[in-house]
Amino acid sequence: KAELRRAVLARRAALPPGEVREASLRACALVQSLEPWRQADEVLVYFAFRGELDPAPLLQGLWRRGVRVLAPRCRPGEAGMLDVACVTCLEEMAPGAYGILEPHPERCPALKDHAPGAALIPAVAFDARGARLGFGQGYYDRLLAGPGFARTYLIGLAHPFQVVDTLPVEPWDRPVHAV
């Protein structure tokens, strides 16, 4: 896992910003074509960093449709734990743990009740079965194990080189439905 992480992350970091932007737009168009995404009245998004495909082009359309947009935030003092908060505009975001944009803790309280119909899930790599390889700290594993995500349609966003034939799977891993 560690060797695959290093190789994929190095390749992703070497991508020119314009290429990432174009790939992100193509990925967002594909996401918009998915029925579970179009039908969801609540969705979880992430904010990209280090060459990840960027779902930001989807945000304005979601807000215009009246979709409740959720985003993860690292829980202070609890390594590996994410809270979920509702965001209604980009001004509610601030750099958080690891320099990734997160819902501002004072403007966006953590939610107790949420059940997104669809969720965008980042990863270092995915395989053909939807298994994901994260950064190894279990943030999304713990988040997706929560009751609010039991029926959520999970969508992985990845550059083509991030999709590999097979990944090792742990008992707690939850595959995505589409990559």
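The values are calculated or read from the model by the stated rules, or taken from the named source; none is laboratory data. Nothing here was measured: the structure is a model prediction, and the numbers come from that model. Backbone-built Cβ (ideal geometry, glycine too); neighbour counts: all protein chains shown. Note: areas computed on protein heavy atoms with side chains; ligands, DNA, RNA excluded. Shrake-Rupley method; radii C 1.70, N 1.55, O 1.52, S 1.80 Å.
Name the single residue, out of those in segment 49-88 being of a type in the set (G, A, S) and in contact with a helix residue (DSSP H, G or I) (Cβ under 8 Å, 6 or more places away or on another chain), that is farthest from Q32 (Cα to Cα). Outline the logic, then answer.
Start the filter on segment 49-88 by keeping residues that are of a type in the set (G, A, S), which leaves 51, 56, 61, 66, 71, 77, 79-80, 85.
Next, from what is left, pick out any that are in contact with a helix residue (DSSP H, G or I) (Cβ under 8 Å, 6 or more places away or on another chain): 51, 56, 61, 80.
On the way: G51: 21, A56: 13, G61: 10, G80: 30 Å.
Out of the qualifying residues, it is G80.
Filter segment 67-82 down to residues that are under 19 Å from Y153 (Cα atoms) and over 13 Å from the mean Cα position of the chain (by Cα) and give me whichever is least open to solvent (accessible area, probe 1.4 Å). Explain how you work it out, then say what you get.
Restricting attention to segment 67-82, the residues satisfying the condition of being under 19 Å from Y153 (Cα atoms) are 67-72, 82.
Those left that are additionally over 13 Å from the mean Cα position of the chain (by Cα): 67-68.
Working: V67: 12, R68: 85 Å².
Applying the filter and picking the extreme gives V67.
Restricting attention to segment 83-120 and to residues that are in contact with a Gly (Cβ under 9 Å, 6 or more places away or on another chain), touching a residue at least 60 places away in the same chain (Cβ under 8 Å) and hydrophobic (A, V, I, L, M, F, W, C), the residue that is most open to solvent (accessible area, probe 1.4 Å) turns out to be A115. Among the residues in segment 105-114, are any at pLDDT 95 or above and under 13 Å from the mean Cα position of the chain (by Cα)? No. Scanning segment 124-151 for residues that are in contact with a Gly (Cβ under 8 Å, 6 or more places away or on another chain) and under 20 Å from C74 (Cβ atoms) gives V124, R132, Q137, G138, Y139, Y140, D141, R142.
The lone criterion from (1) part of a helix (DSSP H, G or I); (2) exposed (fewer than 14 other Cβ atoms within 10 Å of the Cβ) left unmet by R50 is number (1). Restricting segment 145-170 to residues that are among the charged types (D, E, K, R) and at pLDDT below 95, the residue that is farthest from G80 (Cα to Cα) is D165.
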